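Here is the structure we will look at.
Bear in mind that the values in this text are calculations on the coordinates, not laboratory data. Because the structure is a prediction, the values reported are computed rather than measured. Ideal geometry is used to build each Cβ from the backbone, glycine not excepted, and the neighbour counts take in all protein chains shown.
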Amino acid sequence: MALSDILDSAIAPFAPRWAADRMAARAHLEASQSARDGIRAYDAAAKDRRTQGWNRTASSADGENAQARQALAWAGHDLVRNNKYAAAAVRQLVATIWGDGISVQITHPIKRVQQRAQDSWNRWAEGRVDGFGDWYGHGKLAVREMIVGGEGITLWMPDRVGPNGLVVGLEGAQLDTSRSLLLRNGSRIVQGVQFDAQGIRTGYWLYPDHPNDPVRSTDSAQSRFVPAEHVDHLFERLRFRQTRGVSWLGAVAMTLRDVGDIEDAKRLQEKVQACLALIVQPGESQPTSPLGTQQSGANDAPGRPLEETMRPGMIARLRPGETASAINPTPSANTVDFIRQQMAAVSANMVPYHLMTGDVSQANYSGLRAAMNGSYALVDDWQQNEVIPLHCRPAVMRRMQRLVLETGDPRFMQIGMRFALPVRRMVDPVKDLMGEIMEIRSGLKLLSTGLAERGINADEHMIAVKAMNDTIDKLGLALDTDPRRVTDSGVLQAASGFLAPKE
């Protein structure tokens, strides 16, 4: 008990008001000291021993990016080249977010307009949009660069027919980071991105070639202004007024690198343990060894120097009087558990542990389902808040602008869009499908929504189903897979009129 408490306890029986005033004053003093130090009720705001060395400097999104963005991009590319876990995680992320492509399903009240717009988009997207691959291959690289380098840039170029005919994929390094300054009328350039007075992007300062390409044009060191209407900038925004993106590997880069170093050390340890040597030392009364004699060199020196490294099966022979100690490294029993724990921490930021490491030895059915279901929430975020609004939707609208120029019909700018996402592989297809059927039957989910989640165009699919059913009826078949005639247990459907005739 503090001295002040002892005094208050002694005073209270004789002068309770005085004791109460003392206690209130002391509480007020403690609150004032906490407010002065910025502590209040938050331990993380304290300035004491526990927070020494904690870098809590004031910053902004662009302030941090300007210092670290490019270095993080270089680190990300190095990791996916040399670290197997980083390479696997990035591949899994790209396959989950983009997969075989996020395809667009165009809608419009007038069927003819909708079909013309859909056909026009499909023809272009399945062609060589960048001179080499189709739109879905370009999207894969854009998503991958967003993950590894922090941002993917799509530059729209005209072809021989008109505008917005070709796309060029660029990495963030082609944005002139050195251009950061205030302009007249309140506009500004931030890390190569130009804004007007209202903070709307008006253009990008791009290098004509990648700064690190071995073959560059003579004027590649000078960036050029490209209007924003020709550029799509794909990155994940984490803070307000963030101009450019950072590598997703930034938060886990050091852990991945340390894990790689630990594995290298462990492999070297295993090699050393496999190199234990037999050292033969003749006795004093035995001048030679029955295994053979080592020839002496000049001045009674050994014929060859002592081994400085060990190799499997090595036999070192010593002269009488010399001794040696064998090195027998003791393996660490916690290495595997430590690496597994570190990789679990990394996977929490990227993809489920078993997808990144291939290790399912500690997994069970419930754990796998929980991991996959939890990761789908992140995938939804990335697809709906980054890839679709910043990459897919602008591309469709650019192609519709071109279609308006070709046809003179402004209705193509009034289209709607639904996006068919990559198919999500199920941990337990039977249970997952039964749950989805229950949602559709109860009206909680549309059949068209379920088809779109599998990357299937609902209208085209239903037309194909109708054609298949007509063929089955024409041939008089009763297949076990036909829900119109047979239940899932193989019984004929009574309500559909397909019961066998009575004899």
* Structure fact -> Between the modelled labels at Ala251 and Met413 (7 Å from Cα along Cα→Cβ) the distance in nm is 4.1
* Structure fact -> In nanometres, the difference between 0.36 nm per residue of separation and the alpha-carbon distance of Val272 and Tyr136 is 44.1 nm
* **Difference of contour (0.36 nm per residue) and Cα-Cα distance, Leu182 to Glu30** => 50.1 nm
* Asked: Listed highest first by mean packing, meaning other Cβ atoms within 10 Å per residue, what order do 218-225, 352-359 come in?
  -> 352-359, 218-225
* Anchor Lys84: aspartates and glutamates whose Cα lies under 16 Å away (excluding residues fewer than 8 positions away in-chain) -> Asp258, Asp261, Glu263, Asp264, Asp359
* **Those lysines that a straight Cα-Cα span of less than 24 Å connects to Lys431, excepting residues fewer than 8 apart in one chain** => Lys445
* Structure fact -> The lysines whose Cα lies under 21 Å from the Cα of Lys111, excluding any fewer than 8 residues away in the same chain, are Lys466
* Can you work out the PRE-style zone for Glu439? Point 7 Å along Cα to Cβ, and I want the residues of the range 373-389 with backbone N under 16 Å. => 373-381, 384
* Structure fact -> Two pseudo-spin positions, 7 Å from Cα along C-beta at Asp258 and at Ala348, lie apart in nanometres by 1.4
* Cβ-Cβ FRET estimate between Ser60 and Arg160, R0 fixed at 41 Å, reported to 0.05 -> 0.35
* Asked: If the chain between Phe240 and Glu126 were fully stretched, how many nm would it gain, using 0.36 nm times the residue separation less the Cα-Cα distance?
  -> 37.4 nm
* Structure fact -> For the pair Ala15 and Ala221, the simple spin-label estimate (label points 7 Å beyond Cα toward Cβ) gives in nm 8.3
* Structure fact -> Rounded to the nearest 0.05, FRET efficiency between Thr449 and Gln401 (Cβ-Cβ, R0 25 Å) equals 0.30
* Hey, with R₀ at 30 Å, roughly what FRET efficiency would Ile110 and Gln198 work out to, going by the Cβ-Cβ distance, to 0.05? -> 0.25
